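Visitor: Shown below is the structure under consideration.
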Amino acid sequence: MELQPAKSASPYKSYLLVVGIVVLTIVIDQISKRLALSAFQLGEIRPVIPGFFNLTLTFNRGAAFGLWGDLPPGWRECALGISIALALGVVFFFLKQPAYQNTLGRVSLAGILGGALGNVLDRFTYGAVVDFLDVYLGTYHWPAFNVADSAI
């Protein structure tokens, strides 16, 4: 008895799944950032789980973990633009690969795409990415992040 590969969903359903996850990710991300912007002053810290998790409003002008944030204006935008274009290109490339023609693969890539687009939207709107989630242990803080970063 030979096992047959599972039939994949129709291309239309797969496309709808990706678009739905992308839109949902962007909407949740943007709502959470607007709430943070309306509820916090820049740098304000509100402990949620003392010793582990705070809410605090920061702006990231660089890429992940502030990479390229110290570059002079012009160079920073160029480096960010190139890295964003490459990252989006890679996601679209993987969406076409047979290994990702399954629900888990498509949902994962859609989350990455939605998160990336949510942060790109921030760059156009605010000139930086809005971050507000601060996870730490003792004096070690993971760089502040947001819902879009979590989806990525």
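The values are calculated or read from the model by the stated rules, or taken from the named source; none is laboratory data. Everything quoted here is computed from the prediction, not taken from an experiment. Neighbour counts run over all protein chains shown; Cβ positions are idealised from the backbone, glycine included. These area figures cover heavy atoms from the full protein model, side chains too; ligands, DNA and RNA do not enter into them. Shrake-Rupley method; radii C 1.70, N 1.55, O 1.52, S 1.80 Å.
Visitor: Using only helices, what value at 222 nm comes out for the chain when you add -39,500 (n - 2.57) per DSSP H run of length 4 or more and divide by the total residues, to the nearest 500 deg cm²/dmol?
Guide: Values: 4 runs with 79 residues, N = 152.
It comes out at -18000 deg cm²/dmol, rounded to the nearest 500.
Visitor: What net charge do the residues around Tyr15 carry, taking every other residue with its C-beta under 13 Å from that of Tyr15, with Lys and Arg at +1 and Asp and Glu at -1?
Guide: +3
Visitor: I would also like to ask the following. In sequence order, what are the phi-derived ³J(HN,Hα) couplings for the stretch 84-97 according to the Karplus relation 6.51 cos²θ - 1.76 cosθ + 1.60 with θ = phi - 60°, rounded to whole Hz, with x for glycine and proline?
Guide: These are the phi-based 3J(HN,Hα) values: 5, 4, 5, 4, 5, x, 5, 4, 5, 4, 5, 4, 8, 7 Hz.
Visitor: Using only alpha carbon pairs under 8 Å that are at least six residues apart, calculate the relative contact order of the stretch 1-111 and give it in whole percent.
Guide: Numbers: 66 pairs, mean separation 31.3, N = 111.
It comes to 28 percent, rounded to a whole number.
Visitor: Using +1 at the Cβ of each Lys and Arg and -1 at the Cβ of each Asp and Glu in the chain, identify which of Leu109, Gly69, Ile82 lies farthest towards the dipole's positive end.
Guide: Farthest towards the positive end: Leu109.
Visitor: Can you send over the carbon and sulfur percentage of the accessible area for the chain, probe radius 1.4 Å, protein chains only?
Guide: On the way: 6940 of 9720 Å².
On the chain, the fraction of accessible area on carbon and sulfur atoms equals 71 percent.
Visitor: What Kirkwood radius, in Å to one decimal, follows from the Cα pairs of the stretch 53-152?
Guide: 14.6
Visitor: Compute for the stretch 8-112: radius of gyration divided by Kirkwood radius, i.e. Rg/Rh, restricted to C-alpha atoms, rounded to two decimals.
Guide: 1.07
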